[in-house]
Amino acid sequence: MSGNGAKKVVDAAVKAGRTIIDWDGMAKLLVTDEARKEFAALRRAFDDVNHQLQTKFSQEPQPIDWEYYRKGIGSKVVDMYKEAFESIEIPKYVDTVTPQYKPKFDAVIAELKEAEKEHQKESERIEKELAEMEEMRKKISTMTADDYFEKYPELRKKFDDEIRNDNWGY
């Protein structure tokens, strides 16, 4: 692969790294501190690799000054090395890993999105319950039993059944 072709690949990889991964969206899905630490480590590693791709591997290599070596070593040896160097073909990279793991990764992302929806519903339920408890806390000092049983009719039935069955709780 020519130096220019390698630079194009690196540029495409860097661009893909920036546009495809929603780091903030994934960070919102994390619940535990341990998961956040591992996620931060993953992001740092990813950023390090991208930084290396941008710096080390995107630079064009310096051309070999064959004349310099001919003067010091001799043209016969240098010509042999030059011929060997120019005959080297660097094979193209064929990605066999991504197709293998892409479906698994997509399945995990779908599972995480579903879990996010479930957690969002649970969070909304808990917020509603907290609001009801706060309302109850404010009203409890002036609330009558009838007011309480109006809000929780299943408890009225339970207490009425206990009284009817002469079960006084002791």
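The values are calculated or read from the model by the stated rules, or taken from the named source; none is laboratory data. All values reported here derive from a predicted model rather than from experimental measurement. Quick reminder, even Gly has a Cβ in these numbers, built from the backbone with ideal geometry, and neighbours come from all protein chains shown. Quick note on the areas: whole protein, heavy atoms, side chains included, nothing else; ligands and nucleic acids left out. Shrake-Rupley method; radii C 1.70, N 1.55, O 1.52, S 1.80 Å.
Structural remarks
- Linear extension gain, residue 56 paired with residue 156, 0.36 nm per residue minus alpha-carbon span: 28.6 nm
- Accessible area per residue was computed with a 1.4 Å probe on protein heavy atoms; residue 39 scores about 30 Å².
- Listed values for segment 154-160 are Karplus-derived 3J(HN,Hα) couplings in whole Hz (6.51 cos²θ - 1.76 cosθ + 1.60, θ = phi - 60°), namely 5, 6, 4, 4, 4, 5, 4, and x replaces Gly and Pro.
- Area of residue 168 that stays accessible when all protein chains are in place (1.4 Å probe, Å², to 10): 140 Å²
- Working note: Debye formula, equal point scatterers on the alpha-carbon atoms of the chain, no solvent; log10 I(q)/I(0) at q = 0.13, 0.14 Å⁻¹ is -0.93, -0.99.
- With 0.36 nm allotted per residue and the present C-alpha distance subtracted, the residue 95-residue 132 stretch has 7.8 nm of extension available.
- Phi angles of segment 68-82 translate, via the Karplus equation with coefficients 6.51, -1.76, 1.60 and θ = phi - 60°, into HN-Hα couplings of 4, 6, 4, 5, x, 9, x, 6, 5, 5, 5, 4, 5, 5, 4 Hz per residue; Gly and Pro are given as x.
- For the chain, the relative contact order works out to 25 percent when only alpha carbon pairs closer than 8 Å and six or more residues apart are counted.
- Listed residue (98, 63, 108) projecting farthest to the positive dipole end of the chain, Cβ model: 63
- Once each of the trypsin sites (Lys or Arg not before Pro) sitting in a DSSP loop with at most 12 other beta-carbon atoms within 10 Å is removed, the chain keeps 93-170 as its longest stretch.
- Given 128/157; 56/92; 56/76; 28/113; 128/151; 28/56, the pairs whose alpha carbons are separated by over 22 Å: 128/157; 56/76; 28/56
- Per-residue SASA entry for residue 130, accessible area with 1.4 Å probe, Å² rounded to 10: 90 Å²
- Relative to the Cα centre, the charge distribution of segment 32-170, modelled as +1 at Lys and Arg Cβ and -1 at Asp and Glu Cβ, gives a dipole magnitude of about 560 debye.
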